[in-house]
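Participant: Below is one structure. I have some questions about it.
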Amino acid sequence: MKILMIEDNKSVSEMMGMFFQKEKWEASFAYDGNQAVDMFNEDPNGWDMITLDLNLPGKDGMEVAKEIRKVSKTVPIIMLTARDTESDQVLGLEFGADDYVTKPFSPITLIARMKAIHRRDENMAEKLAESSVNATVEEADDGFDINTGFFKLNSSTREAYLNDKEIPDLTPKEFDLLKTLASKPKQVFSREQLLELVWDYDYFGEERTVDAHIKKLRQKIEKVGPQVIETVWGVGYKFDDTDAKAKA
């Protein structure tokens with residue numbers, strides 16, 4: 001992989017550089033927000049992964065994430081943050097981060113997260129295709145690979161509609177999460193299952209990552225119609241558009 005690590009602590013960068021080298025990954029380093037945006041824009045399609053510190057001189061991590069997402073909706077971003085509060089984590093995800101790792105972190109944990117996201121990008125389509133074999137929705141002839149009549153999702157265009165209104169501004173992770181849930185309506189997915197399917201995490205996953213993404217996804221769904229993602233207390237989440245059918 002080709003990595004862009006955005007981190008103002010040069011000791012942390014040097015340490016991670018040794019781990020990247022061991023993995024035979026090519027790494028470049030930016031030490032402030034303005035430099036990071038400039039380096040990214042020099043070759044927007046050349047990066048396989050970005051790690052982004054939240055606290056940066058110049059532009060902070062949130063602003064850098066916004067700038068990157070204006071150019072690329074798909075390059076994976078892992079936010080590194082010393083702020084271990086849900087609001088900061090949700091805000092980071094809202095600004096386009098795929099995941100977060102709280103400082104101080106273990107280099108082995110960060111490497112594992114990076115590998116997991118990279119694997120996800122390579123095999124997510126295959127996993128979802130397998131999970132859809134027994135789905136109760138039918139493949140449509142109009143390009144939508146999920147179409148209940150009230151909810152439609154097109155993997156090629158990365159668009160999802162509820163009652164013919166497009167759910168706006170879905171991030172790559174939100175789209176993948178919605179597709180995973182909608183591929184098996186009314187089936188309950190635990191947080192652990194969603195981490196494995198959407199993030200490709202097993203042991204290294206954090207359940208709060210799922211909750212934060214669900215929160216933002218629900219807010220976007222509610223802009224166009226009734227809520228179709230339900231919480232099953234003590235278990236996880238499920239997709240159910242019964243209410244959408246009643247109101248259509």
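Participant: Tell me, what HN-Hα J-couplings in whole Hz come from the Karplus equation 6.51 cos²θ - 1.76 cosθ + 1.60 at θ = phi - 60° for each residue of segment 99-106, using x for Gly and Pro?
Facilitator: 6, 9, 10, 8, 7, x, 10, 7
Participant: In nanometres, what is the gap between the two model label sites at Q193 and E26, each 7 Å from Cα along Cα-to-Cβ?
Facilitator: With each label point 7 Å from Cα toward Cβ, the separation is 4.1 nm.
Participant: Within segment 166-203, name every residue whose backbone N is under 19 Å away from a label modeled 7 Å from Cα of E222 along the Cβ vector.
Facilitator: 166-171, 174-175, 178
Participant: Let me ask something additional. Once you order the gyration tensor axes a ≥ b ≥ c over the Cα atoms, which shape class does segment 2-115 get: rounded for a/c under 1.5, otherwise prolate or oblate by comparing a/b with b/c? Working shown, then result.
Facilitator: On the way: a/c = 1.38, a/b = 1.08, b/c = 1.28.
Rounded, since a/c falls under 1.5.
Participant: FRET efficiency for R208 and F19, Cβ-Cβ distance as r, R0 = 25 Å, nearest 0.05? Intermediate values should be presented prior to the final figure.
Facilitator: Numbers: r = 25 Å, r/R0 = 0.99.
With a Förster radius of 25 Å, E is 0.50.
Participant: Enumerate the calculated ³J(HN,Hα) couplings along segment 27-42 in order (Karplus 6.51 cos²θ - 1.76 cosθ + 1.60, θ = phi - 60°), each rounded to whole Hz, writing x wherever the residue is Gly or Pro.
Facilitator: Couplings: 10, 10, 10, 10, 10, 8, x, 5, 4, 4, 4, 5, 5, 5, 5, 5 Hz.
Participant: Can I ask one more? Round to a whole number: what % of the accessible area of segment 2-115 belongs to carbon and sulfur, probe 1.4 Å? Each step should come with its number before you reach the end.
Facilitator: Values: 2470 of 5100 Å².
Solvent-exposed carbon and sulfur of segment 2-115 make up 48 percent of the total.
Participant: Output wanted: per-residue J couplings in Hz (rounded whole) for segment 232-245, from phi through Karplus 6.51 cos²θ - 1.76 cosθ + 1.60, θ = phi - 60°, x for Gly and Pro.
Facilitator: 9, 4, x, 10, x, 9, 9, 9, 8, 9, 4, 5, 5, 5
Participant: Quick one: if you stick a label point 7 Å off each Cα along the C-beta vector at N9 and K70, how many nm between them?
Facilitator: 2.9 nm
Participant: Here's a follow-up. Could you tally the net charge around A27, taking each other residue with its Cβ under 13 Å from the Cβ of A27, Lys/Arg +1 and Asp/Glu -1? Can you show the working numbers first?
Facilitator: Numbers: positive: K2, K22, K24; negative: E7, E14, E23, E26, D48.
Here the count lands on -2.
Participant: Put Y237, Y161, Y31 in order of accessible area, largest first, 1.4 Å probe: what do you get? Can you show the working numbers first?
Facilitator: Details: Y237 10, Y161 50, Y31 75 Å².
Descending order: Y31, Y161, Y237.
The values are calculated or read from the model by the stated rules, or taken from the named source; none is laboratory data. Remember, predicted model here, so these are calculated numbers, not experimental data. Please note: Cβ atoms are built from the backbone with ideal geometry, for glycine as well, and neighbour counts cover all protein chains shown. Side chains included, ligands, DNA and RNA excluded: accessible areas come from the protein's heavy atoms. Shrake-Rupley method; radii C 1.70, N 1.55, O 1.52, S 1.80 Å.
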